[in-house]
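The values are calculated or read from the model by the stated rules, or taken from the named source; none is laboratory data. Remember, predicted model here, so these are calculated numbers, not experimental data. With ideal geometry, Cβ positions are generated from the backbone for all residues, glycine too; neighbour counts draw on all protein chains shown. Each accessible area value is taken on the protein alone, full model and side chains, heavy atoms only, with ligands, DNA and RNA left out. Shrake-Rupley method; radii C 1.70, N 1.55, O 1.52, S 1.80 Å.
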Amino acid sequence: MITPILLCGGSGTRLWPLSRKSYPKQFVPLVGEKTLFQASAQRLSGTGFAAPMVLTNSDFRFIVTEQLAGLGIDPGSILIEPAGRNTAPAVLAAALYLEKTDPEALMLVAPSDHVVPDAAAFRAAVEAGQAAALAGQIVTFGIKPTHAETGYGYLELDGDPGDFTPRVIGLKRFVEKPDAQTAEQMLASGQFLWNAGIFLFSVKTILAAFRAHAPDLLAPVTASITDGAPDLGFFRLDPVAWEGCPDISIDYAVMEKADNLTVVPFAAGWSDLGGWDAVWREAGPDENGVVTAGHATAIDCENSLIRSEDTGLEVVGIGLKDVITVAMPDAVLVADASRAQDVKQAVAALKAKSAKQATEFPMDHRPWGWFESLAVGDRFQVKRIHVHPGAALSLQSHHHRSEHWIVVEGTAKVTVDDEVKLVTENQSVYIPLGAVHRMENPGKVPMVLIEVQTGSYLGEDDIIRYEDVYARGQGAKG
């Protein structure tokens, strides 16, 4: 059995405004109906695969479980990283954690934000590398390049990829992201593949590689597991020990130094969706090179992407050529298609002016569901709140605001001080300032309500929490 190790902590700034720090691209349905994370988990499930292990951060832990549940996939271990430390500490943590229960296990390490349209072909490539991994090789997967890309690292082959039938061949070296001229030369040679950052190896092989090539990582990562602790269905790595981990990729720490490397060439399609130009390619442009998504219309446009993520916002492009337009309820991106890789500059500029749109998603996800602000004033805020079936918010009170709740879908079980009652569609309830209260969804369908907050301070941190099934501390949002 192969244990998929899904790395799920990136911020995806090059796909702003749809991907943001609070809700990055792996959780968004960028291409197709499933999110990139869901597609990755589904691709690495079924015969021959154990339950996936996921490495993510605390903010995303409930999103991970919710999206896996939406596929009917039971997760294995979910490890919570206290802070981003790149891929080397994450992979080592996964190997050390898995060693406790299955030291002979095979690990398939994969980012959770890539697109692989032909899942069966990818599983065949994994199967082709399995024997080499069992024999002590570190197997990577190289993508047949379709153009001279400067945004990817490359793998130089020690052999002929031939017709790209899945098989293991020698790997000479890893190559850093090249300039345009070098990329053209490598493409023409036929001896270079894109580095997809996907690896197959046994637990004992990768641990031996870390001991040989990155021994300084062993002590802090081991301590982060030894001193870590279970939390509900998750395992939290110890933050003090984790702080001592260097920020380093698995390529730098191990792969560029190892001598037991092999590669399985893969030519059935792949993208890391590293920019809106990649989304445009994967979405399948029409005969005019145009892609529209959501509430978007293109008139006499060429080679353009027009996308609206707001059901109440129609975006119309007229006579556009080589333009990317992405509209969200709170932000709009308009860019020349040739500048797709510069979108992260927009995020930096917005951060510099302290605009919340730089990092915060307009829909705020919580363990119990989500909410979005519909209107905000000096002393009021209107929210739409969606509560999953069977879910409940914490028992809480507020110092500075009162609330009015109007149920518009489903039924709410509402606690206000000592009174508990059911509130059905078109009914409302008032929560006075300081009252101890809770809302729950006792039904089997989502419950939606409109909340009107009034008061002198409306921040999410104005909360005293008395009981919480999600074990969040005082002042934690939601």
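Within segment 15-31, identify whether any single residue is open to solvent by 30 Å² or more (accessible area, probe 1.4 Å) and under 26 Å from Pro239 (Cβ atoms), and answer yes or no. Yes, because at least one residue in segment 15-31 is open to solvent by 30 Å² or more (accessible area, probe 1.4 Å) and under 26 Å from Pro239 (Cβ atoms). Within segment 284-338, the residues that satisfy the criterion of being crowded, with 17+ Cβ neighbours inside 10 Å, of a type in the set (A, V, I, L, M, F, W, C) and assigned to a loop (DSSP other than H, G, I, E, B) are Cys301, Leu320, Met328, Ala331. Counting only residues that are touching a Cys at 6+ places or on another chain (Cβ under 8 Å) and among the β-branched types (Val, Ile, Thr), which one in segment 8-58 is nearest to Ala337 (Cα to Cα)? Among them, the one singled out is Thr56. Every condition in (1) open to solvent by less than 10 Å² (accessible area, probe 1.4 Å); (2) without any contact (Cβ under 8 Å) to a residue 40 or more places away in the chain holds for Asp59 except the one numbered (1).
Within segment 268-282, being under 19 Å from Ala327 (Cα atoms), among the hydrophobic types (A, V, I, L, M, F, W, C) and either part of a loop (DSSP other than H, G, I, E, B) or open to solvent by 50 Å² or more (accessible area, probe 1.4 Å) (or both) holds for Leu273, Trp280.
Mind listing just one residue for me: the one in segment 465-478 that is open to solvent by 50 Å² or more (accessible area, probe 1.4 Å) and outside any loop (DSSP other than H, G, I, E, B) and, of those, modelled with the highest pLDDT?
Tyr466
Entry remark, segment 224-246: residues being modelled with pLDDT under 95, open to solvent by 90 Å² or more (accessible area, probe 1.4 Å) and in a loop (DSSP other than H, G, I, E, B) number 1 in total. Residue count for segment 16-43, restricted to those that are touching a residue at least 40 places away in the same chain (Cβ under 8 Å) and either outside any helix (DSSP H, G or I) or more than 21 Å from Glu372 (Cα to Cα) (or both): 17.
Taken over segment 393-422, the criterion of being in contact with a Lys or Arg (Cβ under 8 Å, 6 or more places away or on another chain) and over 12 Å from Gly443 (Cβ atoms) is satisfied by Leu393, Ser394, Leu395, Gln396, Val414, Thr415, Val420, Lys421.
Hey, any hits in segment 286-293 for a residue that's of a type in the set (S, T, N, Q) and in contact (Cβ under 8 Å) with a residue 60 or more places away in the chain?
First, the residues of segment 286-293 that are of a type in the set (S, T, N, Q): 288, 292.
Next cut, in contact (Cβ under 8 Å) with a residue 60 or more places away in the chain only: none.
The answer is no, given that none of the residues of segment 286-293 is of a type in the set (S, T, N, Q) and in contact (Cβ under 8 Å) with a residue 60 or more places away in the chain.
Residue check: Lys353 meets all listed conditions (1) free of Cβ contacts under 8 Å to residues at least 12 places away in the same chain; (2) at positive phi but one, namely (2). Could you run through segment 156-204 and say how many residues are of a type outside the set (S, T, N, Q) and part of a strand (DSSP E or B)? Qualifying residue count for the region: 19.
Listed here are the residues, each with its yes/no results for (1) touching a Lys or Arg at 6+ places or on another chain (Cβ under 9 Å); (2) at pLDDT 95 or above; (3) more than 17 Å from Phe27 (Cα to Cα).
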{"position": "Ala352", "(1), (2), (3)": "no, yes, yes"}
{"position": "Glu360", "(1), (2), (3)": "yes, no, no"}
{"position": "Asp364", "(1), (2), (3)": "yes, no, no"}
{"position": "Gly369", "(1), (2), (3)": "no, no, no"}
{"position": "Leu374", "(1), (2), (3)": "yes, no, yes"}
{"position": "Asp378", "(1), (2), (3)": "no, no, yes"}
{"position": "His386", "(1), (2), (3)": "no, yes, yes"}
